[in-house]
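Here is the structure we will look at.
Since every read-out is calculated from the coordinates, none of them should be taken as a lab result. Because the structure is a prediction, the values reported are computed rather than measured. Heads up, the Cβs are rebuilt from the backbone with ideal geometry, glycines too, and the neighbour counts pull from every protein chain shown.
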Amino acid sequence: MVSNQKKRVRMLDILRGVAVIGMVAHHALVSYEIVFGKTIDILYSGAFQAVQLLFVAVFLLVSGVCTNYSRSVLKRGIIVFAAAILVSLVTCVLLPALGFEGLNIYFGILHMFGLSMILYGLFKMLFDKIPPLAGIIIFTLLFAAYYAFYLTAPTGDSYFLMIFGVLPKNIGSYGDYYPLFPFFFLFAAGAYIGKYVKAGRFPTWFYTAKCRPLELCGKYSLWIYLLHQVIIFGIMNAVWYLMN
C-alpha cells in the first residue's frame with residue numbers, strides 16, 4: 001500500500017486514455033454511418049452498448065477521482081463547459097452551414113463533465129460532510145435508479161430538460177448525448193473513491209503503473225475530444241468525395 005500519495009497517479013491517466021480511445025473509435029463508426037449511409041449493426045447490439053457504458057463509467061469515475069487533486073474543481077469545470085459550448089457552436093451552426101448534417105451536439109459528454117465539475121465545486125463543502133464509503137454507496141445507487149428511468153427514453157417539450165435525460169420531441173438528429181443526470185451520480189461516486197486513492201489505500205501497482213502512450217491520451221483528453229470528431233468527419237467526407 002502507498003500512503004500520502006502526492007505525485008501524479010499515472011494509472012488515472014492510463015484509464016482515461018483507454019476511455020478516450022474507446023470514445024474516438026465509437027465516434028469514428030458513427031461518422032462512417034453518417035457519411036457513407038451504411039448501418040453498422042454492432043453499434044446497436046446490447047454488448048456494444050454495455051462496453052460503451054463501461055468506457056463512459058471509467059471516464060466519469062476517473063474524473064471524479066481527480067477532483068481530489070484539483071486546485072479548483074469549479075474553475076476547471078467552467079473551462080470544460082466553455083469548451084463544450086464551442087463544440088455545440090461548431091456542430092450545430094458551423095458544420096450545417098458547410099453542408100455537414102447529423103453531428104449536432106446539444107448536450108454531449110463534455111457538457112456533462114463541465115456541469116458535473118461546476119456542481120461539485122459549488123457544493124463541495126456539503127459533499128465533504130458525507131463519509132467516503134457512504135458517498136460511494138449513495139451515489140452508485142442513485143445512478144442505478146435514475147439510469148433505469150433514463151433508459152425508458154422519456155420525451156418532453158423543452159431543450160432544458162435534456163440535462164435530466166428527457167429529450168425534446170422535435171429534436172431530430174443529434175450526435176453525442178450524455179445528460180447531467182444520471183451521469184453526475186457516477187462522477188460524484190468517483191470523487192469519494194478518490195479520497196481513498198489520494199490516501200494511498202489502493203494497491204502499490206495502481207500508483208506505479210506506466211504506459212506512456214495511454215498516459216498522453218489521458219493527459220490531453222480534452223484536446224483530443226475537441227479535435228477528433230471534426231478531423232474524423234472531415235477525413236471521411238474527403239474519402240467519400242474521392243470515391244464518388
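Ordered by packing density, taken as the mean number of other Cβ atoms within 10 Å over each peptide's residues, highest first, how do 143-155, 38-50 rank?
Top of the packing list down: 143-155, 38-50.
How far is helix 180-198 tilted, in degrees, relative to the longest principal axis of the Cα atoms in the chain, given as a value from 0 to 90 rounded to the nearest 10?
40 degrees
Could you tell me how many degrees, from 0 to 90 and to the nearest 10, lie between the Cα long axis of helix 109-122 and the main elongation axis, the longest principal axis, of the Cα atoms of the chain?
Roughly 30 degrees between the two axes.
Explain nothing, just the number: dipole magnitude of the chain about its Cα centre with +1 on each Lys and Arg Cβ and -1 on each Asp and Glu Cβ, in debye rounded to the nearest 20.
Approximately 1300 debye in magnitude.
Taking amide hydrogens as modeled 1.01 Å from N in the peptide plane, which residues meet the under 5 Å criterion relative to Ile105, leaving out close sequence neighbours?
Thr91, Cys92, Gly175
Pop the C-beta distance of Ile79 and Leu216 into the FRET formula with R0 = 22 Å and round what comes out to the nearest 0.05.
Plugging the Cβ-Cβ distance into 1/(1 + (r/R0)^6) gives 0.65.
Please arrange Arg16, Arg10, Arg71 by how many other C-beta atoms lie within 10 Å of their C-beta, fewest to most.
Arg71, Arg10, Arg16
To the nearest 0.05, what FRET efficiency results for Ala25 and Leu126 with a Förster distance of 51 Å applied to their C-beta separation?
Efficiency, rounded to the nearest 0.05: 0.85.
Below 17 Å Cα-Cα, how many Lys pairs turn up in the range 10-243? Only count pairs eight or more apart in sequence, or on different chains, if you could.
5
Given the DSSP H assignment, sum -39500 (n - 2.57) over each helix run of at least 4 residues in the chain and divide by its residue total; what's the result at 222 nm in deg cm²/dmol, nearest 500?
-21500 deg cm²/dmol
Rounded to the nearest 0.05, what FRET efficiency is calculated for Asn170 and Thr39 with R0 set to 30 Å and r the Cβ-Cβ distance?
For R0 = 30 Å, the calculated efficiency reads 0.80.
For helix 73-89, report the angle its Cα long axis makes with the longest principal axis of the Cα atoms of the chain; keep it between 0 and 90° and round to the nearest 10°.
10 degrees
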